[in-house]
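None of the figures in this text is laboratory data; all of them are computed from the coordinates on show. None of these values were measured; they are calculated from a predicted model. Cβ placement follows ideal geometry from the backbone for every residue including glycine, while neighbour counts extend to all protein chains displayed.
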Amino acid sequence: YLGQDILHKRRKIEIRKAKLRSIYDKTFSNRALRSLRNIKRFEYNFVRTRLFQINNEIIKLANEFNVSHIVIEDLYKLRVGKKLGNSKGRKSNKIINNIPYAKFRTALEIIATQQFVNVVAINPYHTSQFCSRCGVLNKIKGDNYRLYKCKSCGLEINRDRNASKNICNFLFGRETNSAKISSSQIPDRQVSVTRPSLPCDVCIV
């Protein structure tokens, strides 16, 4: 999926930064310190540039399919940890906290505004746990975490794909933080998660 290369690249960068920190802690080498600063600057520029490239691809798809809205999850409170009381383990916490969501959303909104496409952010509550076919809530368990299985209707689908369909289904029935969508454009009625996805919407997890 778009942006997966950012994760792989940052993993390699993190290994390099750890080695440089270790060298500096032992030797106090100015060369190691300069290298550490340079690689941090490189990481910042790489992530920022790649996010704008990804969002340009998203807007290109939106224009290609004549999309009026792009729907995303509102993940500004994505941070996890022991102090926040929502720790998911040291390794998982690090992965989640390194996701550049704020930078991604800022880049998306900048480009979308230029192309006259609306960006809608919805509440992410259980978007990946509701069945997009029958609407039943299923806890995701087992070794294959990426596969969603519904105990009610038997649906088997990629977890992210299921969440994307639910995001589209929830568009007109869940809270939105988009300042570009007026209240008259979004009905106050609750819409079932089984409602077909809108043909004019692109959903992003």
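Remarks
- Cα-Cα over 26 Å, subset of K103/K149; K77/K139; K60/K151: K103/K149; K60/K151
- Cα gyration tensor shape for region 9-144, rounded if a/c is under 1.5, else prolate or oblate: oblate
- Options G135, S152, N118, ranked by Cα towards positive dipole end of region 80-168, top entry (Cβ charges): S152
- Extension gain (nm, one decimal) between Q53 and I13, 0.36 nm per residue minus Cα-Cα: 12.4 nm
- Cβ-placed point charges (K, R +1; D, E -1), dipole of region 48-125 about Cα centre in debye, nearest 20: 820 debye
- Furthest towards positive pole of dipole, G85, L36, N56, structure part region 1-141, Cβ charges: L36
- A cut-off of 5 Å between modelled amide H atoms, ignoring neighbours fewer than 5 places along the same chain, links V71 with V120, V202, C203, I204.
- Packing-based ranking, highest mean first, of 128-136, 80-88 given that Cβ atoms within 10 Å are counted: 128-136, 80-88
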